[in-house]
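*Asks:* After the structure tokens below, expect a handful of questions from me.
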């Protein structure tokens, strides 16, 4: 174990030659979320049910929740909770998800809510894949639960595509002096979406696992839902 201390990230121990590439990027906000989750699920299911920084095969989960027997089913017995601050490439998330699944563990990815404008929220990599997979059958936006590090609460929101934009026609000459032409066209902006947040935040006690959606090979995340009143 190596102790890392610095100004930009929280002091933490990292494993030598650890395949978990995010150890060195642990922030205080990341640590706060880990403790919020482990405290909540220990309160809910008992102290032994939730643990921090657990190796599952070659991966290390931020929080591992071992469901009590009465909450288990043939598909779900343990859940890895992963706090995802960096908007990494979806292939990295898919690889980690496959590794967890091979060990018989479901994984839930919890993205951080950033300070970007909600009417032009940058979306790429893992977050874009999440939106794509969890759009509803009727075409409405997927409900995604974010962690708000400033308020230390959870927020639910949906993404709406921005209106298409018109790209003007253009003429130009190539390197051989030939005139080229590209007609005008409408195009869809995919790098930015409008994020609509529910004004009412969620407390940790409001969070529920929702595994009603059929498990598919390419599903990246499970979904949360608010407890029915």
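Please treat every number below as a calculation from the coordinates, not as lab data. These numbers were taken from a predicted model, which means no experiment stands behind them. Every residue, glycine as well, gets a Cβ built from its backbone with ideal geometry; the counts of neighbours run over all protein chains shown.
*Asks:* Neighbouring Cβ atoms within 10 Å as the yardstick, rank 189, 131 fewest first.
*Replies:* Starting with the residue having the fewest Cβ neighbours, the order is 189, 131.
*Asks:* Okay, next question. Would you kindly state how much longer the chain becomes between residue 32 and residue 167 on full extension, computed as 0.36 nm times their sequence separation minus their alpha carbon distance, in nm to one decimal?
*Replies:* Full extension of this stretch gives 44.1 nm more.
*Asks:* Further, regarding this structure: Extension gain residue 208-residue 187, at 0.36 nm per residue separation less the Cα-Cα distance, in nm?
*Replies:* Full-extension gain reported as 3.7 nm.
*Asks:* Moving on to the next point. Along its three principal axes, how long is region 143-207 when you only count alpha carbons? Whole Å, largest extent first please.
*Replies:* Computed over region 143-207, the largest-to-smallest principal extents equal 67, 20, 15 Å.
*Asks:* Below 8 Å, C-alpha to C-alpha, sequence gap of six or more: please give me the relative contact order for region 73-199 in percent.
*Replies:* It rounds to 23 percent for region 73-199.
*Asks:* Along Cα→Cβ, 7 Å out, is where each label goes; now give me the distance between the ones at residue 176 and residue 58 in nm to one decimal.
*Replies:* My value for the distance between the label points is 4.9 nm.
*Asks:* Based only on the alpha carbon positions, what is the Kirkwood hydrodynamic radius of region 29-149, in angstrom?
*Replies:* 15.5
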